[in-house]
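What follows is one structure encoded as structure tokens, with my remarks underneath.
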Amino acid sequence: MSSSTHDTTQAVETAGGLSRRSLLRGAAAAGLGVAGATGLPGGAAAAAGGVPRSEIEPFYGPRQAGITTRQQSYGLFVAFDVTTTSRDALANLLRQWTSTAEALTRGEPAPARPTRVPGARGDSGIALELFPARLTFTFGFGPRLFDARFGLAEHKPAALDTLPGFPGDQLVAAHSGGDLLVQICADDQQILSHAFLQMRALTVGVAALRWSQQGFISPPTDGKAPRNLLGLHDGTSNPRPAKAEFGDLVWADDAATPSWLRGGTYLVFRKIRLALASWSLTSGAEQDRSVGRRLADGSPLSAAAGAPTRTKLDLAAVGADGRPLIDPAAHVRQMHAFPMFRRAYNYDYGFDSTRLHAGGDEHGDEPGHGGHEAYDAGLLFATFNADPRTQFIPAQQRIASNDLLGKFMTPTASGIYAVPPGLQPGQSLGRGLL
Ligand code: HEM
């Protein structure tokens with residue numbers, strides 16, 4: 001660390017008289033939440049799912065954080081296009097991202113960065129006196145990074161191709177793709193905002209922000225999978241990290257995987273708008289049939305109401321009328337052949353008021369009544385696949401062709417990214433590649 005780095009960090013750390021680290025340490029030693037120590041709202045115990053906000057997720061490890069990490073309440077997906085043609089400048093950005101992410105994860109201010117303004121702060125101060133809130137960063141590389149610009153073509157993984165178009169897609173190009181992807185998650189939205197702005201600041205002159213999307217998820221009090229905006233428990237049958245099959249489904253480490261990616265994974269990101277109005281005008285029985293599970297309690301339709309949500313699906317079960325209890329086109333039946341680990345966030349961007357008063361919609365709404373279709377809310381679908389060619393892609397083809405729940409989904413953004421394995425102290429993102 002240079003002396004100027006040290007000075008700037010020091011200046012930020014001592015803003016307000018106390019560093020974040022010493023505050024956290026002091027509060028812990030006194031057996032207090034920082035709320036108790038400072039009078040700030042939000043004590044250590046006041047966090048989603050009962051996880052204290054003072055908890056720190058390790059940055060270093062064999063895998064990147066933010067994949068098997070117990071899902072935080074807020075998620076931000078940010079994509080950048082690299083604008084520099086200098087391989088060194090790109091490598092430098094990845095080094096700075098690494099050291100900044102590592103510091104922020106621990107609840108430290110961002111290290112100093114070179115700026116054109118003498119005396120400019122390295123850290124904005126937005127997160128001073130806040131708990132780290134289990135902040136994680138997960139970095140990925142998009143297919144275009146491996147074009148001719150940086151001489152990386154020979155290192156491109158075979159599975160890292162821009163996803164094909166699927167029937168029903170209404171993709172917005174400006175919200176899709178990107179050379180670099182950062183998934184930032186935390187239990188505190190202010191921590192997330194701070195983390196994003198610090199990472200963004202490092203990209204000046206090297207990469208341009210392409211898109212960002214942010215979402216939320218709330219763990220229910222009964223320990224079941226969180227509900228999405230259709231009201232359905234979502235993630236029930238997710239493969240569990242502790243289970244043997246998890247590795248095969250998530251980590252890319254076969255012989256064909258380039259060495260820099262081995263032990264990493266592929267992130268498929270889709271922004272999927274949900275037809276909430278049509279859903280609300282669908283009978284409860286029909287809703288349950290579309291997914292193959294009961295909205296009320298998450299139990300599969302092949303088991304009795306109230307059965308544990310993890311009850312195995314019985315796809316052969318038929319009712320008294322001889323019809324399958326789980327409809328042939330139910331989402332869970334269609335998806336059952338493509339096990340994959342999902343880590344999605346709900347999003348709700350509200351009404352687009354420019355469309356709200358434009359006219360009626362297909363439900364016969366009068367102008368200004370509700371403009372249901374102007375409502376942009378749904379799922380920031382994220383899945384970590386060992387190989388998207390045999391997992392996400394065929395599954396999405398199925399949703400687009402023969403899935404009752406698929407009728408309520410409109411994918412509006414799409415991206416695929418290779419997510420390298422984790423780092424050890426002293427290593428930087430881009431290791432083995434740049
Ligand atoms: C907004 C869109 C979506 C919604 C609301 C949704 C909702 C659900 C729900 C409620 C379940 C049952 C509970 C569970 O096991 O998690 C489920 C299962 C599943 N979904 Fe989705 N889903 C969506 C999109 C997708 C997409 C795009 C894919 C993959 C291409 C997918 C793959 C799966 C898989 C693999 C399962 C587990 C099936 C099994 O039981 O084996 N979902 N989804």
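The values are calculated or read from the model by the stated rules, or taken from the named source; none is laboratory data. Values in this document were obtained by computation on a predicted structure and should not be read as measured data. We place every Cβ from the backbone using ideal geometry, glycine too, and count neighbours over all the protein chains shown. Note: accessible area is taken over every heavy atom of the protein model, side chains too, but ligands, DNA and RNA are not part of it. Shrake-Rupley method; radii C 1.70, N 1.55, O 1.52, S 1.80 Å.
The residues of region 288-305 that are surrounded by 12 or more Cβ atoms within 10 Å (Cβ to Cβ) and more than 10 Å from the ligand (Cβ to nearest atom), listed by number, are Asp288, Arg289, Arg294, Ala296, Asp297, Ser299, Leu301, Ser302, Ala303.
With respect to the stated conditions, Gly360 fails to be more than 16 Å from the ligand (Cβ to nearest atom), assigned by TED's automatic domain parsing to the domain that holds Leu249 and at pLDDT 95 or above. Select from region 387-400 the residues that are of a type outside the set (S, T, N, Q) and open to solvent by less than 20 Å² (accessible area, probe 1.4 Å) and list them in ascending order. Correct list: Pro388, Phe392, Ala395. Residue count for region 258-276 satisfying the condition of being more than 15 Å from the ligand (Cβ to nearest atom) and touching an Asp or Glu at 6+ places or on another chain (Cβ under 9 Å): 5.
Residues of region 311-341 being loosely packed, with under 14 Cβ neighbours inside 10 Å and within 9 Å of the ligand (Cβ to nearest atom), which ones? Don't jump to the end; show me each part of the working.
Step one: list which residues in region 311-341 are loosely packed, with under 14 Cβ neighbours inside 10 Å, which gives 312, 316-323, 328, 337.
Answer for region 311-341, where residues must be loosely packed, with under 14 Cβ neighbours inside 10 Å and within 9 Å of the ligand (Cβ to nearest atom): just Ala337.
Give the residue that is most open to solvent (accessible area, probe 1.4 Å), with candidates limited to residues of region 262-286 that are part of a loop (DSSP other than H, G, I, E, B) and more than 22 Å from Ile326 (Cα to Cα).
From region 262-286, those part of a loop (DSSP other than H, G, I, E, B) are 262-263, 275, 281-283; that's our starting set.
Retained after the next criterion (residues that are more than 22 Å from Ile326 (Cα to Cα)): 262-263, 275.
Details: Arg262: 103, Gly263: 8, Ala275: 22 Å².
The qualifying residue most open to solvent (accessible area, probe 1.4 Å) is Arg262.
Of the residues making up region 227-244, those that are within 12 Å of the ligand (Cβ to nearest atom), out of contact with any helix residue (DSSP H, G or I) (no Cβ under 8 Å at 6 or more places or on another chain) and open to solvent by 30 Å² or more (accessible area, probe 1.4 Å) are Arg227, Asp234. Scanning region 401-433 for residues that are surrounded by fewer than 21 Cβ atoms within 10 Å (Cβ to Cβ) and of a type in the set (Val, Ile, Thr) yields a count of 2. Scanning region 51-76 for residues that are modelled with pLDDT of 95 or more, assigned to a loop (DSSP other than H, G, I, E, B) and of a type in the set (A, V, I, L, M) yields a total of 3. Beta carbons closer than 7 Å, at least 6 apart along the sequence or on distinct chains, pair a first residue in region 376-391 that is charged (D, E, K, R) with a second that is assigned to a loop (DSSP other than H, G, I, E, B) for Asp376/Asp352; Asp387/Ala159; Arg389/Ala159. Just one of the numbered conditions (1) open to solvent by 70 Å² or more (accessible area, probe 1.4 Å); (2) more than 18 Å from the chain's Cα centre (by Cα) is not true of Arg210: (2).
Which of the residues belonging to region 129-162 are under 30 Å from Asp376 (Cα atoms), open to solvent by less than 20 Å² (accessible area, probe 1.4 Å) and part of a loop (DSSP other than H, G, I, E, B)? Steps first, answer last, please.
Residues of region 129-162 under 30 Å from Asp376 (Cα atoms): 133-144, 160-162.
Restricting the remaining residues to those that are open to solvent by less than 20 Å² (accessible area, probe 1.4 Å) gives 133-142, 160.
Passing the criteria: Ala133, Arg134, Leu135, Gly142, Leu160.
Identify the residue in region 342-353 that is within 22 Å of the chain's Cα centre (by Cα) and part of a loop (DSSP other than H, G, I, E, B) and, among all such residues, is farthest from the ligand (Cβ to nearest atom). Working first, answer last.
Residues of region 342-353 within 22 Å of the chain's Cα centre (by Cα): 342-350.
If we keep only those that are part of a loop (DSSP other than H, G, I, E, B) as well, we get 343-344.
On the way: Arg343: 11, Ala344: 7 Å.
That would be Arg343.
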